[in-house]
Amino acid sequence: MVEKKDIFKLVKEYYKAYHKKSAFSPGKDKIHYAGRVYNEKEMISAVDAVLDFWLTAGKYTKEFERKFSEILGVKNTILVSSGSSANLVAIAGLMSNRLKDRLKPGDEIITCGLAFPTTVAPIIQNRLVPVFVDARMDTFNIDEGLLEKAVSGRVRAIQVTHTLGNPCDMEKIMEFSDRHDLYVIEDACDALGSKFDGRITGSFGDIATFSFYAAHHIAMGEGGAVTSQDQNLARILRSIRDWGRDCFCGDDSGPRGACDKRFDYFIKEIDSTYDHRYIYSDIGYNLKPTDIQSAIGVRQLEKLDGFIEKRKKNFSLLYSAFSEFKEYFSLPGWDKRADVSWFAFPLCVKEDAGFTRQDIVKFLESKNIETRFIFAGNILNQPGYKNIECRVPGSLKNADKVMKNGFFIGLYPGIGPAQISYIIKAFKDFLGSKI
């Protein structure tokens, strides 16, 4: 009889034969801006989930949620299908009829004009009004100094993004939100493991969102999470993830549920009882992960500390080298209280550099060094967002500058010293030929 251990042994051999990375070949091998870093452990875990063939959220999902909560020091983690799903669940959760002081259509949410689309999209989709505040040029985060100008009688929440892993000034954000009695949503999709003043990002606000897309700090292929310290809010978030279902006993809790009252829920409109698993208290979706994704994620969490340290090391090497390029590029800045788990290395070409962003990114791409722009830039310049209902209490000039001149390169754990040296040499070669 074939046992799991026999299959796992073959998977390990397969990994070594077909997946194990070979030495970097300069100029030939592409240096990706991000990517999966894994070994046979993730593959074995995924195969284990496939062999169990539960497929949808199951034992690995529960394990991941428990371990992730422990890492963040939060009470509740709800695993979802993507970081974008997490943002959707977060906004929809704040509009639940079960939430005291819920958000209502027409209410406003302050957020940054320099944005990723699916940070903003759920605000619009839930008939709320985004209030766009400009970004800072050093951190690419929301400019905390402009927040008071964004306040109105309709503002009910603030959603901040820790751009590229760089934490916002959460002391100012939380003081501002407390002063105006606002909900706080932290989009920490780029920032797993970053800390501000000794406290991990995603643990400050009412809700935080994370992404486990293949390019992020840990990879599940697709996947994300929404977290909260508030038990009632977490129950609502989980309901919205699970079709809006009122029951939270779980599908494995027995025929009558953990409460032993599954079939005792009374519906006065039909003068009869109804299965509690088919009672829907929220307008929800099916945004659950598969257990195969979760199985990979559990193994990735075991490597998170090492991933974070590698990101920090690569950032330090690049920053040290690029310090001699300050005449041409604006380098990233960060708060002295921030301990940054960097997603990538951002740069802005200076207006008087003597070359354009297009010049440098085309050169880098020709050398097999991947580049990416800083997400959507000024979101209001994007075709799909030009005519949305919103409020802009000031200019978005910095978001425009970043959209025109900003880009980033990779520093993820799959990049080693040889790749870092190649990247630095490529920049020197470019500057030597252009200046």
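The values are calculated or read from the model by the stated rules, or taken from the named source; none is laboratory data. Small disclaimer: the values here were computed from a predicted structure and weren't measured. Cβ: placed from backbone, ideal geometry, glycine included. Neighbour counts: every protein chain shown.
Scanning segment 121-155 for residues that are hydrophobic (A, V, I, L, M, F, W, C) and within 18 Å of Asn398 (Cα to Cα) returns Val131, Phe132, Val133, Ala135, Met137, Phe140, Ile142, Leu146, Leu147, Ala150. Of the strands (runs of 3 or more DSSP E) that lie entirely inside segment 191-290, those containing 1 or more residues that are surrounded by 18 or more Cβ atoms within 10 Å (Cβ to Cβ) span 207-211, 224-228. The sole residue among Val120, Val80 that is aliphatic (A, V, I, L, M) and in contact with a Leu (Cβ under 8 Å, 6 or more places away or on another chain) is Val80. The residue that is nearest to Arg36 (Cα to Cα), among those in segment 302-314 that are of a type in the set (A, V, I, L, M, F, W, C) and crowded, with 20+ Cβ neighbours inside 10 Å, is Phe307. When you go through (1) under 28 Å from Tyr18 (Cβ atoms); (2) buried (at least 17 other Cβ atoms within 10 Å of the Cβ) one by one for Lys30, which number turns out not to apply? Lys30 satisfies all of (1) under 28 Å from Tyr18 (Cβ atoms); (2) buried (at least 17 other Cβ atoms within 10 Å of the Cβ) except (2). Only one entry in Phe408, Phe430 is in the same structural domain as Gly333 (by TED's automatic domain parsing), part of a strand (DSSP E or B) and not acidic (Asp, Glu), namely Phe408. Applying the selection to segment 305-351, what residues are in a strand (DSSP E or B) and over 23 Å from Ala399 (Cα atoms)? Of everything in segment 305-351, just one residue is in a strand (DSSP E or B) and over 23 Å from Ala399 (Cα atoms), namely Asp339. As a summary of the residue check, Asp359 satisfies the conditions (1) outside any helix (DSSP H, G or I); (2) touching a residue at least 40 places away in the same chain (Cβ under 8 Å); (3) surrounded by fewer than 18 Cβ atoms within 10 Å (Cβ to Cβ); (4) of a type outside the set (Lys, Arg) except for the one numbered (1).
Restricting the first member to segment 178-199 and to residues that are β-branched (Val, Ile, Thr), and the second to residues that are surrounded by 23 or more Cβ atoms within 10 Å (Cβ to Cβ), the beta-carbon pairs closer than 7 Å and six or more apart or on different chains are Val184/Ile158; Val184/Ile173; Val184/Gly205; Ile185/Ala90; Ile185/Ala157; Ile185/Gln159; Ile185/Gly205; Ile185/Ile207.
Candidates are the residues of segment 386-435 that are small (Gly, Ala, Ser) and crowded, with 21+ Cβ neighbours inside 10 Å; the one that is nearest to Trp342 (Cα to Cα) is Gly410. Among the residues of segment 21-46, just one is within 11 Å of Tyr422 (Cα to Cα), modelled with pLDDT of 95 or more and small (Gly, Ala, Ser), namely Ser25. The single condition among (1) buried (at least 20 other Cβ atoms within 10 Å of the Cβ); (2) over 20 Å from the mean Cα position of the chain (by Cα) that Val50 does not meet is (1).
Quick check, is Ala376 crowded, with 20+ Cβ neighbours inside 10 Å and assigned by TED's automatic domain parsing to the domain that holds Phe427? Answer is yes for this residue. A Cβ distance below 7 Å, combined with a sequence gap of six or more or placement on separate chains, defines the contacts here; from segment 375-394, residues that are within 21 Å of Lys149 (Cβ to Cβ) reach residues that are in a helix (DSSP H, G or I) and of a type in the set (Ser, Thr, Tyr) in the pairs Ile379/Tyr385. If you go through segment 115-135 and pick out every residue that is surrounded by 21 or more Cβ atoms within 10 Å (Cβ to Cβ) and in contact (Cβ under 8 Å) with a residue 60 or more places away in the chain, you end up with 10.
Just one of the listed residues (Lys401, Lys428) is out of contact with any helix residue (DSSP H, G or I) (no Cβ under 8 Å at 6 or more places or on another chain) and more than 30 Å from Thr161 (Cα to Cα), and it is Lys428.
The condition of being in the same structural domain as Ala115 (by TED's automatic domain parsing), buried (at least 22 other Cβ atoms within 10 Å of the Cβ) and modelled with pLDDT of 95 or more holds for only one of Phe176, Phe140, that being Phe140. Out of segment 174-198, which residues are in contact with a helix residue (DSSP H, G or I) (Cβ under 7 Å, 6 or more places away or on another chain) and closer than 17 Å to Leu233 by Cβ? Within segment 174-198, Val184, Ile185, Asp187 qualify.
Pick from Pro122, Pro130: which is outside any strand (DSSP E or B), touching a helix residue (DSSP H, G or I) at 6+ places or on another chain (Cβ under 7 Å) and on the phi < 0 side of the Ramachandran plot? Only one candidate passes the filter, namely Pro122.
Considering segment 102-114, and only residues there that are closer than 15 Å to Ala90 by Cβ and in contact with a Lys or Arg (Cβ under 6 Å, 6 or more places away or on another chain), the residue that is surrounded by the most Cβ atoms within 10 Å (Cβ to Cβ) turns out to be Leu103. Residues in segment 50-95 that are over 14 Å from Lys288 (Cβ atoms) and aliphatic (A, V, I, L, M): Val50, Leu51, Ile71, Leu72, Val74, Ala90, Ile91, Ala92, Leu94, Met95.
Of the residues making up segment 279-332, those that are free of Cβ contacts under 8 Å to residues at least 40 places away in the same chain and touching a Cys at 6+ places or on another chain (Cβ under 8 Å) number 2.
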